[in-house]
Each structure stands twice: as structure tokens, then as C-alpha cells.
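Just below is one structure, and these are the notes that go with it.
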Amino acid sequence: MKEITATATTLDGLRKAIKRVAAIISAPGDLLPTYGSSRDFGYPHIEIDHSGYHYVVVERGNELERRTTRDPHELLFWVFDSATSSMAGDFELEHRVEGQDSRRISFEKKLELLGQLDSAWQARAAEEQKAILERYPFDDVASTRAKLAKQLRDEGVPPDRAWDMACQRFPDPSNQ
């Protein structure tokens with residue numbers, strides 16, 4: 001596994017570093033941030049000022065997220081954490097397994113992609129995924145449970161009762 005190093009201190013330097021890292025995993029350009037200004041619509045951009053590097057997400061003119069660090073390596077993690085999540089989601093859509101929690105494929109793919117870039121990033125994402133799964137375990141029968149609940153509602157069963165009946169037949173692992 002590789003270790004990514006980052007020392008860029010200018011927007012142009014960051015752009016070049018991000019482009020170089022993106023090439024390793026063939027990350028599409030539309031998943032990468034802009035530099036200095038936002039293209040809006042929930043896409044990230046990067047700013048640099050006296051307080052550090054800023055990873056900013058703006059949607060409809062409203063700032064939704066701003067993370068700041070003085071560590072360019074941390075900034076790169078944020079960029080590629082987001083990009084690999086999107087890439088993994090796209091991969092899952094192309095390789096979906098009916099009756100399987102979509103996160104099984106997307107989580108694995110994200111770790112694979114991050115592992116091609118930096119083993120520390122891969123380990124960090126694995127810990128984040130582990131924490132998510134502790135709260136929200138894989139649920140391979142979610143779509144089956146939802147279909148049964150809908151069928152029961154269509155048959156006239158009240159919505160709350162339909163859901164309870166579906167959960168009795170196909171238990172929700174997050175409620176265990």
C-alpha cells in the first residue's frame with residue numbers, strides 16, 4: 001500500500017497534487033473539488049488562508065460544510081474520502097446484488113480504493129465503517145421487509161401495523 005505525501009501550500013499546488021493522486025484510482029474529475037471558488041450544487045471546493053486549508057461544500061448559495069486543517073495530508077484525505085465514497089456507490093449500482101445490503105459492496109470498494117492511495121486512509125475509513133455498522137448493522141432483508149409492509153398496506157392494513165408485521169417476519173437488525 002502507498003502512503004500519500006502532500007506539501008502543497010498554494011491552490012495550484014493542491015490542484016496538481018489532487019490530480020496526481022486522483023489518477024492513481026482513475027477518479028473522475030467531476031468528483032474532485034474546485035479551487036478558490038465554488039461551483040455550488042453540493043460540490044466541494046478548497047480555499048487557503050492564514051488559518052489553513054478549508055474544505056467547503058456549498059449548495060444553493062448556502063455553506064453546508066466547512067472543515068479546516070493546517071495539514072495538507074488531512075485535506076487530501078477529506079477529498080478522497082468523498083471521491084471514493086461516490087466511486088464506491090457507483091460501483092455498487094453497477095454490481096448490485098438483489099437482497100443484499102448495498103453497503104456490503106460499497107464499503108468494500110471504498111476501502112479497496114483508499115488502500116490504493118494510503119494505508120492510513122484505508123484504516124481510518126475501516127474504523128469509520130465499523131462504527132457505522134455497530135449502530136446500523138448490515139440489513140440484507142431491508143427491501144424484502146419494505147415490500148412486505150407495502151403489500152400489507154395495499155391490502156388495507158394500517159401503516160404502523162403493516163410495518164410491525166413486516167418486522168416480525170423480517171427483523172430489523174438495528175433494533176436487536
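The values are calculated or read from the model by the stated rules, or taken from the named source; none is laboratory data. Since this is a predicted model, take the numbers as computed values, not measurements. Positions of Cβ are generated from backbone atoms using ideal geometry, with glycine treated the same way; all protein chains shown enter the neighbour counts.
Among residues of the range 108-140 being without any contact (Cβ under 8 Å) to a residue 40 or more places away in the chain and of a type in the set (Gly, Ala, Ser), the one that is surrounded by the fewest Cβ atoms within 10 Å (Cβ to Cβ) is Ala131.
Among the criteria (1) part of a loop (DSSP other than H, G, I, E, B); (2) under 20 Å from the mean Cα position of the chain (by Cα); (3) not charged (D, E, K, R), the one Val157 does not fulfil is (2). The single condition from (1) assigned by TED's automatic domain parsing to the domain that holds Leu111; (2) at pLDDT below 95; (3) within 20 Å of Ala123 (Cβ to Cβ) that Leu76 fails is (2). Confirm whether Ala23 is closer than 25 Å to Ser119 by Cα, of a type in the set (Gly, Ala, Ser) and without any contact (Cβ under 8 Å) to a residue 12 or more places away in the chain. Criteria met by Ala23. What pairs come out if I take residues in the range 153-176 that are farther than 28 Å from Glu134 by Cβ and pair them with residues that are of a type in the set (D, E, K, R) and surrounded by 12 or more Cβ atoms within 10 Å (Cβ to Cβ) whose C-beta lies under 8 Å away, six or more apart or interchain? Note: pairs meeting the criteria are Pro159/Arg153; Ala162/Lys150; Ala162/Arg153. Restricting Ile48, Ile105 to those that are buried (at least 19 other Cβ atoms within 10 Å of the Cβ) and of a type in the set (A, V, I, L, M) reduces the list to Ile105.
Residues are listed down the side, and each one gets a yes or a no for (1) more than 21 Å from Ser82 (Cα to Cα); (2) touching a Lys or Arg at 6+ places or on another chain (Cβ under 9 Å); (3) not basic (Lys, Arg):
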position: Ala120; (1), (2), (3): no, no, yes
position: Ala123; (1), (2), (3): no, no, yes
position: Tyr136; (1), (2), (3): no, yes, yes
position: Lys147; (1), (2), (3): yes, no, no
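Against the numbered list (1) surrounded by 15 or more Cβ atoms within 10 Å (Cβ to Cβ); (2) among the β-branched types (Val, Ile, Thr); (3) in contact with a helix residue (DSSP H, G or I) (Cβ under 8 Å, 6 or more places away or on another chain); (4) within 19 Å of Pro173 (Cβ to Cβ), Val97 comes up short only at (1).
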